1. Return the total of residues in the stretch 134-151 being surrounded by 24 or more Cβ atoms within 10 Å (Cβ to Cβ) and in contact with a Phe, Trp or Tyr (Cβ under 8 Å, 6 or more places away or on another chain).
2. Name every residue in the stretch 176-192 that is touching a residue at least 24 places away in the same chain (Cβ under 8 Å), of a type outside the set (Val, Ile, Thr) and within 15 Å of residue 257 (Cα to Cα), in order of residue number.
3. Just one of (1) under 12 Å from residue 43 (Cβ atoms); (2) free of Cβ contacts under 8 Å to residues at least 60 places away in the same chain trips up residue 203, so point out which.
4. Just checking, does the stretch 168-178 include any residue being at pLDDT below 90, out of contact with any Pro (no Cβ under 8 Å at 6 or more places or on another chain) and surrounded by 14 or more Cβ atoms within 10 Å (Cβ to Cβ)?
5. If residue 54 passes every condition in (1) modelled with pLDDT of 80 or more; (2) within 26 Å of residue 201 (Cβ to Cβ) but one, which one does it miss?
6. As an exercise: evaluate residue 61 against (1) at pLDDT below 70; (2) surrounded by 12 or more Cβ atoms within 10 Å (Cβ to Cβ); (3) out of contact with any Lys or Arg (no Cβ under 7 Å at 6 or more places or on another chain) and give the number of the one condition it does not meet.
7. Tell me yes or no: at least one residue of the stretch 167-175 is in contact (Cβ under 8 Å) with a residue 12 or more places away in the chain and under 21 Å from residue 249 (Cα atoms).
8. Mind checking whether some residue in the stretch 173-181 is closer than 20 Å to residue 21 by Cβ and of a type in the set (Gly, Ala, Ser)?
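The values are calculated or read from the model by the stated rules, or taken from the named source; none is laboratory data. What you see is a predicted model; the values in this text were computed from it and never measured. Note that we place each Cβ from the backbone using ideal geometry, even for glycine, and neighbour counts take in every protein chain shown.
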Amino acid sequence: MSDRAAAPPRPRNHGRPAVRVGPRSALTLTLASAAGLVMFCWPLVATADPTSLAHGGDAPFLFLAVLPVVIAVVLAELLEGGMDAKALAMLGVLAAINAALRPLGGGIAGIETVFFVLILAGRVFGPGFGFVLGCTSLFASALLTAGVGPWLPFQMLASGWIGLGAGLLPRRVRGRPEIAMLAAYGVVVGYAFGFLMNLYFWPFALGGETQLSYDPSLPMLDNLHRFVSYTVVTSALGWDTGRAITNVVAIVVVGPAVLAVLRRTNRRASFGAPVTFAA
């Protein structure tokens, strides 16, 4: 047997992450995500002290002002030296595709066509790229559909987490098990997105006279029980289930082909060259 025939096969090149996440970027992203989670969960973590109820309504408006700054800081940290021109072009293309896909569902019965591309792209291009794509996709689609409002920063952050999580899934899984894993992830994030978006505006959705209303004087567990009941009644059995089903169907039907195209692009792009701009 010749030496060439006996040589072990070379490992396959699956490409580099499109956005490099260094220790400082990872720390910034972790701290910002923790702060963002508190902003989502403010109805549960706000104090129930009756003496502070006069200022209990200040929290959501403060978070509306702070959250865009948090997102901007994370995006600046991830993009600074961590994305080359080819990755930036890929980000623009995928964000435009997502922005164009989102109006197709129109939110009817929970049909959301924006998340499956985000999941697949985060899977291929890495967690940093997934986070940036989630934020930019929702921002671009909001501009396209006139959906800019106080909910937008919350949607951007939640979508960024979806792309981030897709990039952190086990890398060695391939083939049908990978599609099954991504489909299961699509179900989880379909419900999680609805849960988070409900949580931030739940105190404003109902008056204070129902058994499902937010009551700042109640303990956290009591408000949590009210919120879960509200979510089940209003969205979990309808909108969130529709979103989860849409993710599963899209990933199972077109996921293998889209993954193949994205991985081929990732291998050929050789991400890593710094972005340079002419003076």
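1. Here is the first cut: in the stretch 134-151, the ones surrounded by 24 or more Cβ atoms within 10 Å (Cβ to Cβ) are 134-135, 137-138.
With the extra rule that they be in contact with a Phe, Trp or Tyr (Cβ under 8 Å, 6 or more places away or on another chain), the set shrinks to 134.
Result for the stretch 134-151: 1.
2. 178, 182, 183
3. (2)
4. no
5. All conditions are met except number (1).
6. (2)
7. yes
8. So the first thing to find is which residues in the stretch 173-181 are closer than 20 Å to residue 21 by Cβ, and the list is none.
For the stretch 173-181, residues closer than 20 Å to residue 21 by Cβ and of a type in the set (Gly, Ala, Ser): absent.
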